[in-house]
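What follows draws every value from the coordinates through simple rules; no lab data is involved. Note that the structure is a prediction, hence the values are computed from the model and not measured. Every residue, glycine among them, receives a Cβ derived from its backbone with ideal geometry; neighbour counts consider all protein chains shown.
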Amino acid sequence: DQQVKQNSPSLSVQEGRISILNCDYTNSMFDYFLWYKKYPAEGPTFLISISSIKDKNEDGRFTVFLNKSAKHLSLHIVPSQPGDSAVYFCAATGTSGTYKYIFGTGTRLKVLA
Amino acid sequence: ETGVTQSPTHLIKTRGQQVTLRCSSQSGHNTVSWYQQALGQGPQFIFQYYREEENGRGNFPPRFSGLQFPNYSSELNVNALELDDSALYLCASSLRGFETQYFGPGTRLLVL
């Protein structure tokens, strides 16, 4: 049973446009969500996070939106740059007990120059 | 500030052998988590260590075991290796009570 789903395996976007990556979850006990970026041969790099008490968090070009009723979160990158090309993972955790992350399967973003 | 480091970067073993992977946590972090990432999948939680004790375990058999040392570094041991154990093994460190985990570059294990 996959508790965190990223239904788009890949996404291509023109440089300068908006990239929107989506993530759905099923476990209502999740209350903290994160996005990581991963380049080949490197570990995941933390991008941005959001607590369930908020519905939006912004950091520079990156914004994460959380819709708790729909159990859906999205990552917006504006404007997209060629260096953003990577695999993006969303992760979810419950903050009581072990902070184990449940990851989605990733979305490969390609930003075209 | 030193980030999370892992060793070795690559490893080739044969089925039935045992392997030990090592992780040094980021400066100031006291919690270490281990994940297995198979090709085309997201990382899967193996276990977490805090204060040298296992603090949560994912759906992995007992032949996956670990240690955390007083300096918060950690080891992942896998006994009786199987072909399906071939994967990228990621270590992540964090400060207990803070939710964000920071990952190392991983160890790529190939079991033949």
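What three numbers, in Å, describe the spread of the alpha carbons of the range A:8-49 along their principal axes, ordered from the longest?
In descending order, the Cα extents are 37, 24, 18 Å.
In whole Å, what is the distance between the alpha-carbon centres of the range A:1-63 and the range B:48-112?
23 Å
Reachable aspartates and glutamates from A:Lys68, Cα under 16 Å, same-chain residues fewer than 8 places away excluded?
Straight-line reach from A:Lys68, under 16 Å: A:Asp24, A:Asp31, A:Asp55.
Checking the table A:Lys5/A:Lys56; A:Lys71/A:Lys110; A:Lys71/A:Lys100; A:Lys54/A:Lys110 against a 24 Å threshold on Cα-Cα, which pairs fail?
Violating the 24 Å Cα-Cα cut-off are A:Lys71/A:Lys110; A:Lys54/A:Lys110.
What is the Cα radius of gyration of chain B over 2.2 N^0.38 Å, N being its residue count?
For chain B, the normalised Cα radius of gyration is 0.99.
Select from the range B:57-112 those chymotrypsin sites (Phe, Trp or Tyr not before Pro) which occupy a DSSP coil region and have at most 16 other Cβ atoms within 10 Å, ordered by residue number.
Passing sites in the range B:57-112 are B:Phe98.
Output the Cα-based Rg and Dmax of the range B:72-112 in Å, rounding Rg to one decimal and Dmax to a whole number.
Looking at the range B:72-112, its Cα Rg and Dmax stand at 12.9, 40 Å.
Can you find, among B:Phe47, B:Ser27, B:Thr9, the residue sitting farthest towards the positive end of the charge dipole of the range B:1-54, where Lys and Arg contribute +1 and Asp and Glu -1 at Cβ?
Farthest towards the positive pole: B:Thr9.
Compute a Gaussian network model of chain A, connecting alpha carbons closer than 10 Å, and tell me which residue from A:Phe65, A:Phe30, A:Phe46 fluctuates the most.
Comparing A:Phe65, A:Phe30, A:Phe46 in a Gaussian network model of chain A, the most mobile one is A:Phe46.
Where the Cα atoms of the protein assembly as shown are projected onto their three principal axes, how long is each span, largest first, in whole Å?
Reported extents, whole Å, longest axis first: 49, 38, 36.
Write down Rg/Rh for chain A, rounded to two decimals, with Rg from the C-alpha atoms and Rh from the Kirkwood relation over Cα pairs.
0.96
Excluding residues on the same chain fewer than 8 positions from B:Lys13, give the lysines whose Cα lies under 26 Å from its Cα.
Partners found: A:Lys38.
Using a cut-off of 15 Å between beta-carbons, work out the net charge of the residues near A:Lys110 (Lys and Arg +1, Asp and Glu -1, A:Lys110 not included).
It works out to a net charge of +2.
Find out how many positive minus negative residues lie around A:Gly43, taking Lys and Arg as positive, Asp and Glu as negative, among other residues whose Cβ is under 15 Å from that of A:Gly43.
+3
What share of the DSSP beta bridges in the protein assembly as shown is antiparallel, in percent to the nearest 5?
Percentage antiparallel, nearest 5: 90.
Would you mind counting up the charge near B:Gln68? Only other residues with Cβ under 9 Å from its Cβ, with Lys and Arg at +1 and Asp and Glu at -1.
That sum, taken over residues with Cβ under 9 Å, equals -3.
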